[in-house]
Amino acid sequence: MNSPVLKIKERLSIEEVVSSYIKLEKAGTNLKARCPFHNEKTPSFFVSADRGTYYCFGCGASGDIFTFVEEFEGLDFKGALQMLADRAGVQLEPLSKEAKENKSEKEKLYEAMQEACLYFENNLEKNQEALEYLKSRGLNEKSIKDFRIGFAELDWRLLYSHLKDKGFSDTEIEHAGLAKKPDDANKAMYDRFRGRIMFPIADSSGRIVAFSGRIFVDDGKSAKYLNSPETPIFSKNVVLYGIDKAKDSIRKNNFSILVEGQMDLILSHQAGYRNTIATSGTALSDSTVSKENVVSNLGLVRRLSSNIVLSFDADKAGANATIRAGKIALSLNMDVKVVEMPEGVDPADLISKTGIPAWREAIKNSKHIIEFLLNKVLKNYENDGRKAGREIKEKILPFVNAVGSSIEKMYFLKKISDASSIPLDALQDDLKKIEQEFKYETEEIKEAGETLTKIYRKDRIERNLLGIALWQQTLPESVVDFKSIFEKLGDTGEKYKDSEEDLIFEAEVSHTSNENLEKDVAEMFLNLEEENINEELNKKMSELKREPEGEKGKKILQEINELIKKKEDIKNGRLSKK
Ligand SMILES: [Zn+2]
């Protein structure tokens, strides 16, 4: 019997899958495209229909339909498997009894979230008051259903008891972030969300990973919004609200709209803008979150389309975070526009009170972020040229600096000069200073963007190898020498202690009935070695940049040559085996 992975591959060609994400062109017997995993102007990303694989000569990204979906969507293997299985119409076999009992913790947490979501949805149906409130905000019934909005009663243990009845353990309920343990260990756990309208947050494959609860009856002391804490399935830096529903539309329309709140998002979708995503409950709206995380958050959006329109209520603190995200988006070579909103009005108000045409106009009239900021400064300091000049230098030039191309930089400088009557050469001088000042930051963002995919790739090879070894170890007759795999991996296994069940599952569905497992394992070790060499090469390259001269430089160059030689050897070794 074929493994589900093989079945899916028989039904879905790599061409079909990849071209549903990016535009492919013919290149001889292969297909090519601009790589979605790194920034480039000319295509170096190739798809081989015969082999069912892709390879990028620019950044080394490579793999099959599963790795492509994982990397593109930022999903784990199971998420990608479920998505592709649905698409291929392949029924994933129900798990065997043992497998069911040994479900990984993550699996159980996903189930707990799903159960909680159903429970909240049921509550809402029975709560006329909450339903009326949502309708008064402009939501129609279809939106309420589509976005699976729910309600958490104002009570201490309703959800907790419900989940216990369904067989979830205290630890699972706590780890899912749905209930908390009181300080007094003798007391029972209590629900985290009480008296709130519940918005489930899903990952890009649609699995519920968190909730955001909006207070229903304001008691004056509880936070207006309460979000799930970080859990094994929810890391605030990787989920944008609505991404599962927006991704197709972002790709089709070639731009995304980034709003702040859930209401903004749902009403925008309801108004026909299904390419809207929201920062709520995620890293973009949190200034304590590192740049790397904002970068990884924007990564998926950028892969879908490099055009983004930001919309936020200019009065709110959220504006700063959105503007910050805008600057990072610029550094990632995205085209960033801002919707000009009437003061004190958010998109939800605009759509529900003024109507869809007003929202459409606002989006149509959105301005490039630099122009938007410039207009604001000029308006605020109409009568004080000196202050306006200082604001331009401090608040706007850093954005000009973030723009990638020098032609565009010049274009914006000229625009600022014309509008503010600051001489162009003065602006150029200031920009040079800022380039120096932000040099480190700019590099850092660019590197963060690249490193993320690189680390991820090495991680995946390690995980695959470890999964195969763990799986083989459970079999009465193993077909590969799992002991040697463990040995070669050394203590890397420690990193994945908590996800062993997931790794075994992945190995099993990928490799059952695979007669070439031994060969595959050898190939994976070669890939791993290559990734290690690449990492080392990158390090040496930046060392060389810092010290290109003298004995030191010579030595680094020699080391680089040795590393390149090693890479060649791996390649040649592969060829001679074939
Ligand atoms: Zn690439």
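Values quoted throughout were computed directly from the atomic coordinates according to the rules given, and no laboratory measurement underlies them. The structure displayed is predicted, hence computed values, not measured ones. Counting neighbours? That spans all protein chains shown, and the Cβs are built from the backbone with ideal geometry, glycine included.
At each listed q (0.19, 0.25, 0.28 Å⁻¹), what is the log10 of I(q)/I(0) that the Debye formula gives for the range 177-248 modelled as equal alpha-carbon point scatterers?
The Cα Debye sum returns log10 ratios of -0.85, -1.13, -1.22.
For the range 455-529, run through the GluC sites (Glu not before Pro) and keep only the ones in DSSP coil with at most 12 other Cβ atoms within 10 Å of their Cβ. Please list the in-between numbers first.
Details: sites: GLU462, GLU477, GLU487, GLU494, GLU500, GLU501, GLU506, GLU508, GLU515, GLU518, GLU523, GLU529; in loops: GLU477, GLU515.
In loop regions of the range 455-529 (DSSP not H, G, I, E or B), the sparsely surrounded GluC sites (Glu not before Pro) are GLU477, GLU515.
Could you pull the Cα extents of the range 18-58 along its three principal axes, largest to smallest, in whole Å?
26, 20, 15
Take the range 494-545, compute every pairwise Cα distance, and split them into 5 Å bins from 0; I just need the percent in each bin.
Once binned at 5 Å, the Cα pair distances of the range 494-545 give 4, 16, 13, 16, 19, 13, 9, 6, 4, 1.
What's the FRET efficiency of SER235 with SER406 using the Cβ-Cβ distance as r and R₀ = 41 Å, to the nearest 0.05?
Values: r = 36 Å, r/R0 = 0.89.
Once rounded, the FRET efficiency stands at 0.65.
Can you tell which of ALA358, ASN538, GLN436 lies farthest toward the positive end of the dipole of the chain, using +1 and -1 charges on the Cβ of basic and acidic side chains (Lys, Arg; Asp, Glu)?
Working it through, the farthest residue towards the positive pole turns out to be ALA358.
So how compact is the range 312-386: Cα radius of gyration and Dmax in angstrom?
In Å, with Rg to one decimal and Dmax whole: 13.5, 41.
Taking the simple approach of a point 7 Å from Cα along Cα-to-Cβ for both ASP335 and LYS497, what is their distance in nm?
In this crude label model, ASP335 to LYS497 measures out at 5.0 nm.
Gain in length, THR42 to SER222, computed as 0.36 nm per residue apart minus the alpha-carbon separation, to one decimal in nm?
On the way: separation 180, 0.36 × 180 = 64.80 nm, distance 5.27 nm.
Difference between extended and current length: 59.5 nm.
Give the Cα extents of the range 28-86 along the principal axes, in whole Å, largest first.
32, 26, 15
Per the Kirkwood formula on distinct C-alpha pairs, the Rh of the range 460-578 is how many angstrom? Write out the running numbers ahead of the final one.
On the way: mean 1/r = 0.0612 Å⁻¹.
One decimal place: 16.3 Å for the Kirkwood radius.
With +1 on each Lys and Arg Cβ and -1 on each Asp and Glu Cβ, and nothing else charged, work out how big the dipole of the range 4-140 is about its Cα centre, in Debye to the nearest 20. Numbers along the way, then the final one.
On the way: 19 positive and 23 negative charges, 94 e Å.
Its charge dipole is roughly 460 debye.
Rounded to the nearest 5, what % of DSSP beta bridges with both residues in the chain are antiparallel?
Once the DSSP bridges in the chain are tallied, antiparallel ones form about 75 percent.
Each label point is 7 Å from the Cα along the Cα-to-Cβ direction; what then is the distance between the points at LYS395 and LYS539, in nm?
About 4.4 nm separates the two model spin labels.
What lysines does LYS497 reach when the alpha-carbon gap must be under 16 Å and sequence neighbours fewer than 8 apart in one chain are set aside?
Within reach: LYS103, LYS106.
Run lengths n ≥ 4 of DSSP H only: what is the helix-derived mean residue ellipticity at 222 nm for the chain, with -39500 (n - 2.57) per run over all residues, to the nearest 500?
On the way: 25 runs with 316 residues, N = 578.
After summing the helix terms and dividing by the residues of the chain, the value is -17000 deg cm²/dmol.
Based only on Cα atoms, what mean projected area does the convex hull of the range 343-436 have, in nm²? Before the final figure, lay out the partial values.
Working: hull surface 29.1 nm².
Its average projected convex-hull area is 7.3 nm².
Round to the nearest 0.05 the FRET efficiency obtained for PHE57 and LYS565 when R0 = 25 Å and r is the Cβ-Cβ distance. Before the final figure, lay out each step's value.
Details: r = 19 Å, r/R0 = 0.77.
For R0 = 25 Å, the calculated efficiency reads 0.85.
Within the range 364-390, which residues have the backbone N less than 11 Å from the label spot 7 Å out from ALA426 along Cα→beta-carbon, could you tell me?
Residues passing the 11 Å test: 385-390.
Restricting things to Cα coordinates, could you compute the convex hull volume per residue of the range 145-283 in Å³?
Dividing the Cα hull volume of the range 145-283 by its residue count gives 125 Å³.
With only alpha-carbon atoms counted, please give the Rg and Dmax of the range 109-225, in Å.
14.2, 45
How compact is the range 21-158 by the rule of thumb for globular proteins, expressed as Cα Rg over 2.2 N^0.38 Å? Write out the running numbers ahead of the final one.
Values: Rg = 22.0 Å, N = 138, 2.2 N^0.38 = 14.3 Å.
Its radius of gyration relative to the 2.2 N^0.38 Å reference: 1.54.
If you project the alpha carbons of the chain onto their three principal axes, what span does each projection cover, largest first, in Å?
The principal-axis extents, from largest down, are 80, 71, 50 Å.
Which FRET efficiency, nearest 0.05, do ASN253 and LYS353 yield, Cβ-Cβ r, R0 30 Å? Let's see the in-between values first.
On the way: r = 25 Å, r/R0 = 0.83.
Calculated transfer efficiency: 0.75.
How many angstrom separate the Cα center of the range 483-540 from the Cα center of the range 222-251?
The range 483-540 and the range 222-251 have Cα centres spaced 30 Å from each other.
What are the semi-axes of the equivalent ellipsoid of the range 176-219, taken as the square roots of 5 times the eigenvalues of the Cα gyration tensor, listed largest first and rounded to whole Å?
24, 17, 5
Report the Stokes-Einstein translational diffusion coefficient (µm² s⁻¹, integer) for the range 383-495, Rh taken as the Kirkwood radius over Cα pairs, at 4 °C with viscosity 1.567 mPa s. Please list the in-between numbers first.
Working: Rh = 18.5 Å.
The diffusion coefficient I find is 70 µm²/s.
Dipole size in debye (nearest 20) for the chain around its Cα centre, Lys and Arg Cβ +1, Asp and Glu Cβ -1? Don't jump to the answer; show the numbers that get you there.
On the way: 90 positive and 99 negative charges, 335 e Å.
Dipole magnitude for the chain comes out near 1600 debye.
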